[in-house]
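I have placed the structure first, in the form of structure tokens, so that the comments after it can refer back to it.
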Amino acid sequence: MPLVTTTEMFKKAYDGGYAIGAFNVNNMEIVQGITEAAKEVNAPLILQVSKGARAYANHTYLMKLVEAAILETGLPIALHLDHGDTFELCKSCIDGGFTSVMIDASSKSFQENIQLTRQVVEYAHDHGVVVEAELGTLAGIEDEVQVSVEDSSYTRPEEVEEFVSKTGCDSLAIAIGTSHGAYKFKPGTKPQLRFDVLEEVSRRLPGFPIVLHGSSSVPQEYVRMINENGGNMPGAIGVPEDQLRKAASMSVCKINIDSDLRLAMTGTIRQFFKEHPDKFDPREYLKPARANIKELVKHKLINVLGCDGKA
């Protein structure tokens, strides 16, 4: 089975009241953990690559890892560029075999966002590739994406119809209170997503797939493992999983997960070296890290996204 676009995935997800997991990948073990989990529960997948991951791992290596995952699992898998910030980057990924790209011009003016997004859409559609765009800006830090709380803003529902109409984008990432990274909310607060914004966007764009970025829930067992083994992550709080499940039952068809994977890998490796300080074989500490990524992803696919059995 070749790589697929997200078009059919999103249609089924919208109609079925679930979301597709979009998991960021950086190396072989992360790809293996994610795809082995999806195979076990028969879930469709979006594997996404950031600009930073592409620079770190090399485009060709990442493509071959994803091709291997398709051969091993037989699952419908889309390969997506996460937070593309220029036309040139999006074009390079399209030319290099990606089936989906995101152009993130959310930091620009509304008209500049439309202009750049439309440019990417025209090139992508000519090559059979779909495009995700963004309105509103999420706070937080993830690779090259760095937005302060002061500079973040909720999506304005009154803008979405014009934006989608003028750009021709295939899905839209909106800001309803999620944020990038592990430090999403102040300790002691109860995070609450703006479902009123989501509902109004959905009313204005019936049947249109919505995307949530910054949706890691920050599993506390891995935060604890990091903190107990030399780390310092006090008060790291994520998005409540019940709220993500509610969003997935509405018009949200794609939910991005990255920080949770990093926490699972880092926490497991730190714990391994505490228990085995004399070990130095990478296979010995990457194996349990891969296993914990797999278990984390299975939990997300079944209990948060609801896309198990939907491949």
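The values are calculated or read from the model by the stated rules, or taken from the named source; none is laboratory data. What you see is a predicted model; the values in this text were computed from it and never measured. Ideal geometry is used to build each Cβ from the backbone, glycine not excepted, and the neighbour counts take in all protein chains shown. Note: areas computed on protein heavy atoms with side chains; ligands, DNA, RNA excluded. Shrake-Rupley method; radii C 1.70, N 1.55, O 1.52, S 1.80 Å.
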Relative contact order as a percentage, the chain, C-alpha pairs under 8 Å and 6+ apart, gives 23 percent
In degrees rounded to 10, the 0-90 angle between helix 282-299 Cα long axis and the longest Cα principal axis of the chain is 50 degrees
In degrees, nearest 10, the alpha-carbon axis of helix 59-73 is tilted away from the dominant principal axis of the alpha carbons of the chain by 80 degrees
Kirkwood Rh for region 1-45 from C-alpha pairs, in Å, is 11.7 Å
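Within 10 Å, count the other beta carbons around each residue, average over each peptide in 122-135, 229-242, and list them highest first.
Values: 122-135: 19.5, 229-242: 15.5.
Ranked from most to least packed, the peptides come out as 122-135, 229-242.
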In whole percent, the fraction of accessible protein surface over region 1-79 that belongs to carbon or sulfur atoms, probe radius 1.4 Å, stands at 56 percent
Between GLU122 and ASN27, the two model label points (7 Å from Cα along the beta-carbon direction) sit apart by a distance in nm of 4.2 nm
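Using the beta-carbon distance between SER153 and MET63 and R0 = 41 Å, what value does 1/(1 + (r/R0)^6) give for FRET efficiency, to the nearest 0.05? Please list the in-between numbers first.
Numbers: r = 35 Å, r/R0 = 0.86.
Approximately 0.70, to the nearest 0.05.
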In Å³ per residue, the alpha-carbon convex hull of the chain encloses 119 Å³
Stokes-Einstein, Kirkwood over Cα pairs, region 23-148, 4 °C, 1.567 mPa s; D in µm²/s equals 86 µm²/s
In whole angstrom, the spacing between the Cα centers of region 248-311 and region 24-77 equals 13 Å
Phi-derived 3J(HN,Hα) across region 224-233 with the Karplus relation (6.51, -1.76, 1.60, θ = phi - 60°), rounded Hz, x for Gly and Pro, is 4, 4, 5, 5, 7, 10, x, x, 8, 10
Between MET250 and LYS12, the two model label points (7 Å from Cα along the beta-carbon direction) sit apart by a distance in nm of 2.5 nm
With R₀ set to 30 angstrom, the calculated FRET efficiency between the beta-carbons of GLU72 and GLN192, to the nearest 0.05, is 0.15
Low-density loop chymotrypsin sites (Phe, Trp or Tyr not before Pro), region 223-311, at most 16 other Cβ within 10 Å, DSSP non-H/G/I/E/B, are PHE280
Expressed in angstrom and ordered largest first, the alpha-carbon extents of region 181-311 along the principal axes are 59, 38, 16
Each label sits 7 Å from Cα toward the beta-carbon; between SER107 and GLU275 the label points are separated, in nm, by 4.1 nm
Averaged per residue, the 1.4 Å probe accessible area of the chain, protein heavy atoms only, in Å², is roughly 43 Å²
With x for Gly and Pro, the residue-by-residue ³J(HN,Hα) of region 244-253, computed from phi through the Karplus equation 6.51 cos²θ - 1.76 cosθ + 1.60 at θ = phi - 60° and given in whole Hz, is 5, 5, 5, 4, 5, 7, 9, 9, 6, 9
Contour minus Cα-Cα span, SER165 to SER92, at 0.36 nm per residue, comes to 23.8 nm
Helix 259-275: inclination vs the chain longest Cα principal axis, degrees, rounded to 10, gives 10 degrees
Residue span GLU295 to ARG224: 0.36 nm per residue of separation minus Cα-Cα distance leaves a gain in nm of 23.8 nm
